[in-house]
Amino acid sequence: MAEAEQVDVVVIGMGPGGEHVAGTLAEAGLSVVGVEAELVGGECPYWGCVPSKMMIRAGNALAEARRVPGLAGTAEVAPDYSPVARRIRDEATDDWNDQVAADRFTGKGGRLVRARGKLAGPGRVEAGGEVFAARRGVVIATGTKPSVPPVPGLADVPYWTNRDAVAAKEPPRSLIVLGGGAIGLELAQVFARFGTRVEVVEAMDGLLPAEEPEAGELLAGVLRREGVTVRTGARASGVRHAGDTFTLALEGGTEVTAERLLVATGRRADLSGLGLETVGLDPGAKALKVDARLLAAPALWGVGDVTGHGAFTHVAMYEAQIVVRAVLGRPGPDADYRALPRVTFTDPEVGAVGLTERQARERGLRVRTGLARLPSTARGWIHKAGNEGLVKLVEDLDRGVLVGATTVGPAGGEVMYGPAVAIQAEVPVEALRHMIYAYPTFHRGVEDALADLRAGEPPAETSAG
Ligand SMILES: Cc1cc2nc3c(=O)[nH]c(=O)nc-3n(C[C@H](O)[C@H](O)[C@H](O)COP(=O)(O)OP(=O)(O)OC[C@H]3O[C@@H](n4cnc5c(N)ncnc54)[C@H](O)[C@@H]3O)c2cc1C
Ligand SMILES: NC(=O)c1ccc[n+]([C@@H]2O[C@H](COP(=O)([O-])OP(=O)(O)OC[C@H]3O[C@@H](n4cnc5c(N)ncnc54)[C@H](O)[C@@H]3O)[C@@H](O)[C@H]2O)c1
């Protein structure tokens with residue numbers, strides 16, 4: 001084996017999490033090797049957040065134009081996907097070329113190794129035929145891959161993942177979306193708005209099943225009104241592909257056909273091949289288990305999707321900051337996921353933070369919930385077309401603080417920020433009730449939901465004690 005080159009830190013995986021750790025440490029003067037098998041920047045800029053949000057921006061523009069009748073006259077809407085495809089190539093991905101990102105890292109003094117990296121014992125990493133010995137430690141930030149369910153026939157057909165959907169130059173004529181989570185719903189709505197006949201097939205009883213059921217129900221109604229077929233509680237029993245048609249068979253005998261099939265049934269960390277066994281860790285685990293300092297083993301940190309704390313770029317960046325502090329020996333708080341925010345960028349957006357009612361009850365909390373419907377607020381009523389939304393709050397009755405909030409609406413992701421601060425800072429609900437909420441904003445729905453918490457108080461005999 002080649003003699004090991006001494007460096008300070010090796011980062012395996014240069015997505016948003018790894019790139020932030022590696023770049024910041026290199027800027028701080030450490031000798032840092034960043035190992036990347038595909039593109040520096042990872043899933044988010046090339047096949048995830050950024051291009052998908054460009055698609056959504058375009059779809060939303062079409063939807064707003066279609067809302068002109070009844071509000072402001074007439075508008076002729078003729079969808080054309082080519083500006084979207086062009087923008088994804090020219091502005092988001094440089095045609096899937098990461099030179100700018102690679103230069104950004106090496107410009108900070110880092111060394112990039114384009115290869116698949118793996119551990120070769122504590123503090124040692126093999127990559128591209130070289131071995132590195134890291135004095136301060138190794139960071140694993142290898143992200144996730146699409147998780148493809150074991151539906152008979154699926155592995156043998158040319159299904160799409162998010163990568164194919166983002167790279168498409170035209171919307172398909174028809175599309176089956178397997179999975180009604182964040183990826184499935186965001187992309188289903190965009191393509192439908194560009195004229196694709198879309199059918200969403202979700203195994204659980206509602207859309208976005210990890211979030212409050214009220215949010216999934218509201219979204220299902222919106223999508224159906226936009227012409228999307230939504231099937232929930234639908235289990236796929238087989239898939240076949242012939243000519244240019246996919247046929248998805250559902251338990252119960254129904255068959256669904258379309259030109260394309262998008263599999264959006266979650267993501268999984270792939271720990272095999274990372275050499276985790278060489279440091280005494282389980283390569284068959286579902287995620288890299290880390291502690292509140294993001295340590296998986298002595299001087300071995302995990303960052304981002306691979307840790308299983310929530311597959312979001314903001315989680316990767318947050319964890320990266322904690323690891324940077326740890327490597328540099330700077331003080332700072334442990335990781336704290338109480339106010340973990342999520343936004344599904346459908347229209348309406350589904351903002352969520354902290355616990356759902358169900359999660360709070362499962363933790364044994366005595367909860368009280370409050371719900372406000374956006375169309376009943378002044379701003380929602382004024383907004384009219386496209387005003388679907390709600391605010392749902394979950395209070396820990398014993399502590400008198402919010403532990404969860406869901407904010408669905410035209411600006412649902414932005415409205416969530418207020419409740420997020422309240423949850424993180426444990427602001428008493430009593431104090432939230434006596435704040436001034438600007439009129440007529442969408443976030444006044446939070447005030448209404450707080451009032452509903454009061455109205456929804458359990459009867460005196462059960463609430464005592
Ligand atoms: C369609 C879509 C839309 C999304 N939208 C949003 C959004 O709006 N907001 C949001 O917060 N999140 C969104 N996400 C999630 C977001 O993309 C991820 O949470 C984020 O990219 C995770 O960053 P990461 O650094 O953990 O991993 P990744 O971005 O997955 O990067 C990991 C990197 O490691 C590399 N790698 C893996 N194994 C090795 C190895 N052995 N050696 C070397 N390199 C390796 C990979 O090639 C990859 O570049 C979206 C995801 C998808 C798919
Ligand atoms: N806006 C955002 O922040 C954003 C956008 C896209 C993705 N992401 C991240 O990427 C992750 C992955 O997204 P995703 O949508 O693939 O996963 P997801 O876990 O959010 O949703 C997957 C859905 O597929 C369903 N499903 C699983 N197996 C199925 C089957 N055999 N048949 C039918 N349905 C099935 C699940 O019940 C679930 O509803 C998200 O959880 C999120 O963390 C974030």
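Details
- Fraction of antiparallel bridges per DSSP, the stretch 154-265 only, in percent to nearest 5: 45 percent
- Net charge dipole size for the chain [Lys, Arg +1 and Asp, Glu -1 on Cβ; Debye, nearest 20]: 220 debye
- FRET efficiency for ARG57 and ARG225, using Cβ-Cβ distance with R0 set to 30 Å, rounded to 0.05: 0.90
- Centroid-to-centroid separation of the stretch 151-197 and the stretch 384-443 [C-alpha atoms, Å]: 33 Å
- Where labels lie 7 Å past Cα in the beta-carbon direction, separation of VAL148 and ARG235 in nm: 2.2 nm
- From phi via Karplus (6.51, -1.76, 1.60), per-residue ³J(HN,Hα) for the stretch 247-253 in Hz, x at Gly/Pro: 10, 9, 8, 10, 4, x, x
- Least to most buried among SER376, SER82 (fewest other Cβ within 10 Å first): SER82, SER376
- Placing dummy labels 7 Å off each Cα toward the beta-carbon, the span from GLU3 to ASN97 is 3.9 nm.
- Residues TYR417, TYR159, ranked from the fewest to the most other C-beta atoms within 10 Å, line up as TYR417, TYR159.
- For the stretch 281-294, putting each phi into the Karplus relation 6.51 cos²θ - 1.76 cosθ + 1.60 with θ = phi - 60° gives couplings of 9, 8, x, x, 5, 6, 8, 7, 6, 10, 8, 5, 9, 6 Hz, in residue order, rounded to whole numbers and with x for Gly and Pro.
- Positive-pole candidate from HIS314, GLY284, THR265, dipole of the stretch 258-348, charges at beta carbon: HIS314
- Normalised contact order of the stretch 154-265, rounded percent, pairs of Cα under 8 Å and 6 or more residues apart: 35 percent
- Descending principal axes extents, the chain, alpha-carbon based, whole Å: 71, 65, 44
- Segments 221-229, 20-28 sorted - mean Cβ within 10 Å per residue, highest first: 20-28, 221-229
- If you take the Cα centroid of the stretch 5-55 and the Cα centroid of the stretch 255-310, the two points sit 17 Å apart.
- Span-like helix check, the chain: qualifying full DSSP H segments, with Cα axial length of 24 Å or more and mean Kyte-Doolittle of -1.0 or more, are 49-66.
- Put simply, the amide H of LEU390, placed in the peptide plane, has neighbours under 5 Å in LEU374, VAL408, GLY409, leaving out anything fewer than 5 places away on its chain.
- Test item: Cα-centred dipole of the stretch 341-455, Lys/Arg +1 and Asp/Glu -1 on Cβ, debye: 180 debye
- Here the spin labels are modelled as points 7 Å beyond Cα on the Cα-Cβ line, and at GLU130 and ARG399 they lie 4.7 nm apart.
- Taking GLU388, GLU251, GLU76 and counting other C-beta atoms within 10 Å, the order from fewest to most: GLU76, GLU251, GLU388
- Taking amide H as placed 1.01 Å from N in the peptide plane, the amide H of SER174 sits under 5 Å from that of ARG197, GLU259, ARG260, each at least 5 places away or on another chain.
- Across the stretch 364-414, C-alpha contacts under 8 Å between residues 6 or more apart give a mean separation that, scaled by the residue count, equals a relative contact order of 35 percent.
- Charge dipole of the stretch 341-455 about the Cα centre (unit charges at C-beta), most positive-ward option of ALA422, GLY412, ALA360: ALA360
- Taking amide H atoms as placed 1.01 Å from N in the peptide plane, the amide H of ARG267 lies under 5 Å from those of SER147, each 5 or more residues away in sequence or on another chain.
- For the pair GLN321 and VAL157, the difference between a 0.36 nm per residue extended length and the Cα-Cα distance amounts to 55.0 nm.
- The stretch 341-455 - percent relative contact order, Cα under 8 Å, separation 6 or more: 32 percent
Read-outs throughout are calculated quantities, based only on the coordinates presented, and are distinct from any laboratory measurement. Values in this document were obtained by computation on a predicted structure and should not be read as measured data. Neighbour counts are summed over all protein chains in view; Cβ atoms, including those assigned to glycine, are modelled from backbone coordinates with ideal geometry.
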